[in-house]
Amino acid sequence: MNNKVFLFLFYFIFQSSGLLFSQTDDNIEKKILTKKAIEFKQDLNFVKSQYFYLKKDWDSTLIYSMKQLSVSKNKELNDYSHFFRGSSFQQKKLYKEARKELLQISNKFALNPQRTIRLAAISLELREFENAKNYYESAISMPETSNEIHSLSLIYEGLGITYFFLEKYEKAEDYLIKNEAIKEKEKNEKELLDAYNALANLYYVQYKDQQAIPYFQKAYLLSKNLNDLGKKVLAATNMSTVEENAKNYKKALEYRKEANKWTDSLNNQNKIWAVADYEKKFAITQKQKEIKVLQVENQLKNTQRNFLFFSAIGLLLLLTGGVYLYAQKVKNSKIILHQKNKLDELNATKDQLFSIVSHDLRSSVNALKTSNSKLSATLESKNYDQLNQLIAQNSIIANGAYSLLDNLLHWALLQTKQLYFHKESIHLYSIIQQIEFNYKPFLLDKSITFENSVSKNIFLFVDLDSFKIVFRNLLDNAIKFSKQNGTITFSTNEIDSDFCEIIMEDTGIGMSQNTINELLQEGGLLAKKSDSEIIGTGLGLQLCRQMIKKNNGTFKIESELNKGTKIIVTFPKMKQNG
């Protein structure tokens with residue numbers, strides 16, 4: 001059994017359990033903070049930061065706590081402000097900033113156990129396991145902790161995971177069993193599922209399958225009662241891994257399909273939330289525009305009244321006022337004309353995009369409709385060989401439509417500047433392996449050989465989510481336009497100490513220079529033509545180009561018809577200290 005598989009699963013478990021963003025007893029915190037807000041009600045910045053902290057509005061919390069620190073000399077209020085800031089940075093995954101804030105709090109702080117548990121969780125996230133152990137042991141020795149069962153459970157869970165990574169499995173088992181006992185008494189199904197998963201992986205990594213598998217099964221059965229799609233994905237994925245390692249491939253495939261189903265549901269839910277948020281922001285923007293229009297109208301009325309008043313003063317002031325109004329009118333006309341031209345340009349791009357995307361969606365739906373008709377006829381004739389082909393064809397059509405919609409959503413978010421980019425160090429070889437794993441079924445379907453020749457020593461400094469979107473699109477295109485028994489190769493070329501080239505080559509149908517030129521145009525989309533060479537909208541590649549640019553990278557295409565395609569992407573490397 002591959003130990004790396006276990007470590008990945010185990011990390012996923014304690015991250016999903018909320019341990020890394022551990023909150024102790026919310027009722028205790030709320031009670032103390034509400035009391036302090038009443039006591040210091042004259043400190044408006046503190047009251048606002050406390051309010052937004054309880055509402056879990058982390059950005060607003062950071063703003064008002066900073067304002068409080070800039071004006072306050074009260075040590076107690078400063079401790080609370082640093083606590084708010086440290087907790088907010090932790091929730092935003094800015095762990096070093098979070099630790100810096102929490103370390104500025106005095107030991108007499110009323111929420112010192114909660115602060116210590118947060119420092120332990122941050123150390124665990126930063127892989128500083130000895131520090132995490134020390135903080136958790138410090139928290140468990142505090143008198144206040146013994147009365148807070150939930151906090152005690154978090155400490156046991158944290159110590160269990162810490163000792164796991166320190167490979168002290170007996171101690172890890174002892175604390176994780178204590179954690180499980182508390183979770184069973186509390187009857188919190190979500191946290192109990194995490195406790196089962198933690199013990200299962202602990203035993204599994206030690207090859208104690210007879211002890212591990214029952215806990216995986218308990219976690220899986222418990223996940224069926226939850227509405228948390230993430231928990232369902234995790235439980236089904238763990239069971240798939242267990243069955244695959246036991247060589248029960250049929251059962252493993254069933255669990256894998258279930259995990260994929262929940263993953264799709266989770267993605268759809270996230271997209272719905274994103275669209276709803278976008279609509280909310282759009283409505284607010286429209287209301288703000290209406291307010292501005294009213295303000296302009298009021299200003300115009302005031303100007304007219306002032307003009308009538310000052311007209312009595314004399315002809316000179318009247319002339320001056322006329323000149324001023326004329327200049328303003330010319331200026332406003334120029335602004336309106338500029339905005340109109342820009343809006344016309346955006347509308348033209350939107351119309352082109354909708355035309356092309358609707359054409360592709362209509363083609364996909366029509367193909368699916370036709371294929372389903374053939375599927376019904378095949379079922380009646382019991383032609384099972386053709387049935388398998390039609391099912392595979394339906395899957396390919398559906399996946400293509402899904403990819404198009406996914407790219408359209410990301411493109412819209414990028415255009416409206418709603419995508420958040422957080423650059424960090426990533427291990428290139430591991431990420432390419434993950435992307436290959438996601439597309440394994442499609443590679444096998446066309447018998448395509450995938451070669452990952454990427455150097456294992458390269459770390460890039462990019463935004464992880466956008467990086468994955470880029471290479472999922474590129475790999476999806478390579479598979480789509482490759483023939484049976486083709487080859488797709490990923491390799492690297494280190495240009496210098498600052499940049500690295502990632503080269504993806506396929507043996508597919510290739511493309512002409514005219515098509516390449518269209519794709520490399522800024523905002524260029526492929527129009528639908530009779531030429532069979534032009535397939536797709538080009539939206540995916542436009543999305544890739546914009547995200548590569550956001551990550552300070554470059555993009556280049558080399559291709560010939562029927563001779564395959566080479567795509568060269570350059571990204572900045574993570575600079576080594578010293």
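Just so you know, all these numbers are worked out from the coordinates, no wet-lab data involved. Source: prediction; values computed, not measured. Every residue, glycine among them, receives a Cβ derived from its backbone with ideal geometry; neighbour counts consider all protein chains shown.
Amide H contacts under 5 Å for PHE499: LYS573, restricted to partners 5 or more places along the chain or on a different chain, H placed in the peptide plane at 1.01 Å from N. With 31 Å as the limit on Cα-Cα distance, the pairs of LYS446/LYS556; LYS56/LYS423; LYS100/LYS575; LYS92/LYS247 that go past it are LYS92/LYS247.
Only alpha carbons enter this Debye calculation for region 3-228, each as an equal point scatterer, and the log10 of I(q)/I(0) it gives at q = 0.08, 0.11 Å⁻¹ is -0.31, -0.57. Counting only residues at least eight positions apart within a chain, or on another chain, the lysines with an alpha carbon under 17 Å from that of LYS73 are LYS36, LYS41, LYS108.
Spin-label pair LYS329-PHE307: with each label point 7 Å from Cα along the Cα-Cβ axis, the two points sit 0.8 nm from one another. Work through the residues other than THR554 whose Cβ is under 13 Å from its Cβ and net out their charges, Lys, Arg +1 and Asp, Glu -1. In short, +2. With neighbour counts taken as other beta-carbon atoms within 10 Å, the residues HIS338, HIS82, HIS150 rank, fewest first, as HIS338, HIS150, HIS82. The label point for GLU297 and the one for ASN452, both projected 7 Å from the Cα toward the Cβ, are 6.2 nm apart.
Exposure proxy for TYR156, TYR80: other Cβ atoms within 10 Å of each Cβ, ordered fewest to most, give TYR156, TYR80. Here the simple spin-label model places points 7 Å from the Cα toward Cβ, and for LYS31 and ASN383 these points are separated by 7.3 nm.
Among TRP58, TRP262, the ranking by other beta carbons within 10 Å of each residue's beta carbon, starting with the fewest, stands as TRP58, TRP262. For a straight C-alpha distance cut-off of 26 angstrom, the lysines reachable from LYS331 (same-chain residues fewer than eight places away being disregarded) are LYS287, LYS289, LYS292, LYS301, LYS340, LYS342.
Strictly greater than 15 Å: what percent of every Cα pair in region 106-170 meets that? When all Cα pairs of region 106-170 are counted, 45 percent exceed 15 Å. Within the shell defined by Cβ-Cβ distances under 10 Å, the residues around SER482 carry a net charge of +2, with Lys and Arg each +1 and Asp and Glu each -1.
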